[in-house]
Amino acid sequence: MKVYRNLDLLPSFVNPVVTIGTFDGVHLGHQQILSHLKNEALAIHGETVVITFHPHPRNIVGDTSGVQLLTTLEEKIALLEAANINHLVVVPFDDVFANQTAEEYVVNFLYQKFKPHTFIIGYDHRFGNKRSGDYQLLEKLGEQLGFIVKEIPQQLLNNATISSTQIRKALLQADLTTATALLGYSYFFSGIVIRGDQIGRTIGYPTANLQLLTNEKLVPGDGVYAVSLINKSNKNNSEKILKGMMYIGSRPVVNGKRRVIEVNIFDFNQDIYDSEIEITLHQWIRGDVHFNGLEALKNQLAIDQIHSLEALSIVG
């Protein structure tokens, strides 16, 4: 898959079949739309082109406090590549782009930049300043400019919309079973290992404290999870998969005041401070509870480790 981030440097696509959207999560609902896109392109010996935005449009025109992304841009790119899309165009979304009229959006952006053979979009797609453009306008301009407009089947579109909402809700409730089923893969995120209070080390369970790469990434609900991880900073051994258990919460046993993400890596004693690690969540083990002292916490962590190893033995 080829990725373009500059609209002035786009190539001449071959019979491009184009769709547009945020595609946050690239979950099973999105994958159905992408399959529809690929089938249309195959029928005319064309190329698939997905248009997405960065930053998320709601950061520019909406309430930024509510943006919790299932995937960062780089994660989205990797998932779209795995879906065998030919071309991905990342549109720099800003006030200028957002304030185009609906006609400017179609003529100056969609038509001039992409010369689509076919443009596939949802029946409820809105575009242009104040979201004044709709499917009917796009179809009318398509007839004038010489491209076909096709509608994503409503069921596929609804599946994608419903799935995004359900996945976010499931993750916030620590319901990994539902989230994984809707995503089609295990939820993951990346962060930098930072120095913590090193309390875990004193009870035999040292942890890597994680600071996420972006605060827009959705953090699942509090509790303990069985996880696998890779050290993305270790280029010589970046594909080695490690196993562990992760805690998300405010550490009530030590009167914690802020929410933390801590990972105890099994059978591991290397210094990985400042490394970027990618965490994949496989199973929720238990919720966040208060223990009467560190000894009680230590005893529970021993049980958590057993349960985590059992869960991870299933995933390999």
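Among the residues examined, ASP288 qualifies as in contact with a Phe, Trp or Tyr (Cβ under 9 Å, 6 or more places away or on another chain), assigned to a loop (DSSP other than H, G, I, E, B), at pLDDT 85 or above and open to solvent by 30 Å² or more (accessible area, probe 1.4 Å). Just one residue in the set ILE303, ILE261, ILE314 is part of a strand (DSSP E or B) and of a type outside the set (D, E, K, R); that residue is ILE261. Take the residues in the stretch 40-58 that are modelled with pLDDT under 95 and open to solvent by 50 Å² or more (accessible area, probe 1.4 Å), then tell me which one is farthest from the chain's Cα centre (by Cα). Here the residue is ARG58. Give me the pairs, please: first residue somewhere in the stretch 165-178 and farther than 14 Å from ASP24 by Cα, second residue anywhere and loosely packed, with under 14 Cβ neighbours inside 10 Å, beta-carbon distance under 9 Å, and either six or more positions apart or on two chains. Correct list of pairs: ALA170/THR177; ALA174/GLY287; ASP175/LYS169; THR178/LYS169. Of the residues making up the stretch 155-181, those that are under 15 Å from PRO220 (Cα atoms), open to solvent by 40 Å² or more (accessible area, probe 1.4 Å) and out of contact with any strand residue (DSSP E or B) (no Cβ under 9 Å at 6 or more places or on another chain) are THR165, GLN166, ARG168, LYS169, LEU172, GLN173, THR178.
Take the stretch 257-281 and flag every residue that is touching an Asp or Glu at 6+ places or on another chain (Cβ under 9 Å) and either at pLDDT below 85 or open to solvent by 70 Å² or more (accessible area, probe 1.4 Å) (or both). Correct list: ARG259 only. Checked against the criterion of being open to solvent by 40 Å² or more (accessible area, probe 1.4 Å), farther than 24 Å from PRO16 by Cβ and of a type in the set (A, V, I, L, M, F, W, C), the stretch 139-152 has no qualifying residue.
Residues that are at negative phi, hydroxyl-bearing (Ser, Thr, Tyr) and free of Cβ contacts under 8 Å to residues at least 40 places away in the same chain: find the strands (runs of 3 or more DSSP E) completely inside the stretch 1-119 holding 2 or more of those.
Working: elements: 2-4, 16-20, 47-54, 87-92.
Because the criterion is at least 2 residues that are at negative phi, hydroxyl-bearing (Ser, Thr, Tyr) and free of Cβ contacts under 8 Å to residues at least 40 places away in the same chain, the strands (runs of 3 or more DSSP E) in the stretch 1-119 that meet it are 47-54.
I'd like to verify a number: residues in the stretch 145-199 that are among the aromatic types (Phe, Trp, Tyr) and part of a strand (DSSP E or B), how many? First the steps, then the outcome.
Start the filter on the stretch 145-199 by keeping residues that are among the aromatic types (Phe, Trp, Tyr), which leaves 147, 185, 187-189.
Next cut, part of a strand (DSSP E or B) only: 188-189.
Of the residues in that region, 2 qualify.
For residues that are among the β-branched types (Val, Ile, Thr) and touching a Leu at 6+ places or on another chain (Cβ under 6 Å), scanning just the stretch 273-316, find the one that is farthest from LEU70 (Cα to Cα). Give the derivation first.
Quick first cut of the stretch 273-316, residues among the β-branched types (Val, Ile, Thr) only: 277, 279-280, 285, 289, 303, 306, 314-315.
From the residues that got through so far, the ones that are touching a Leu at 6+ places or on another chain (Cβ under 6 Å) too are 277, 279.
Values: ILE277: 17, ILE279: 14 Å.
By that ranking, first place goes to ILE277.
The values are calculated or read from the model by the stated rules, or taken from the named source; none is laboratory data. Model, not experiment: these values are computed from the prediction. Ideal geometry is used to build each Cβ from the backbone, glycine not excepted, and the neighbour counts take in all protein chains shown. These accessible areas exclude ligands, DNA and RNA; they are computed on the full protein's heavy atoms, side chains included. Shrake-Rupley method; radii C 1.70, N 1.55, O 1.52, S 1.80 Å.
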